[in-house]
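First up is the structure itself, then whatever we jot down about it.
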Amino acid sequence: MKPKIIKKRTEKFIWHQGIENRLHRRFRGHILMPNIVMGQQEDKAHAAQRLPEVLLMCNKSSCAKTAHNISSKNRRTIEERAAQLAIRVPKPNARLHSQENE
């Protein structure tokens, strides 16, 4: 069985501005309005790739914060890379030590 091909939406989203509009009021069974303007995520992805260079330029005043849902394996690699680039990381040993059962 071939997977269903989903085409990317190309036409502009027309914002529903009426205060009585069922889409605007989020009625059940209707499509959802987008929470973010389309095309912004692309810019954010490029900004995330440039983040280490930005921190290298101003590493005295800035630091790299690790998100709460990063696994311990990825935290270790992030911490090692930050140490190579001399970037400060607050709480670098968080979730890296194993706890003993009593």
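Here are the numbers for the structure shown:
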{"item": "Tabulated pairs, segment 57-78, first loosely packed, with under 15 Cβ neighbours inside 10 Å, second assigned to a helix (DSSP H, G or I), C-beta under 8 angstrom, 6+ apart or interchain", "result": "62/54; 62/55; 63/55; 70/78"}
{"item": "Contacts under 7 angstrom Cβ, first residue in segment 3-23 being under 12 Å from residue 33 (Cβ atoms), partner modelled with pLDDT of 80 or more and among the β-branched types (Val, Ile, Thr), 6 or more apart", "result": "23/31"}
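Residues are listed down the side, and each one gets a yes or a no for (1) small (Gly, Ala, Ser); (2) part of a helix (DSSP H, G or I); (3) in contact with a Leu (Cβ under 8 Å, 6 or more places away or on another chain); (4) at pLDDT below 70:
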{"residue": "1", "(1), (2), (3), (4)": "no, no, no, no"}
{"residue": "16", "(1), (2), (3), (4)": "no, no, yes, no"}
{"residue": "41", "(1), (2), (3), (4)": "no, yes, no, yes"}
{"residue": "68", "(1), (2), (3), (4)": "no, no, no, no"}
{"residue": "77", "(1), (2), (3), (4)": "no, yes, no, no"}
{"residue": "89", "(1), (2), (3), (4)": "no, no, no, no"}
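The values are calculated or read from the model by the stated rules, or taken from the named source; none is laboratory data. Given the structure is predicted, the values throughout are model-derived calculations rather than measurements. Here the Cβ is made from the backbone with ideal geometry for all residues, glycine too, and neighbour counts use every protein chain on show.
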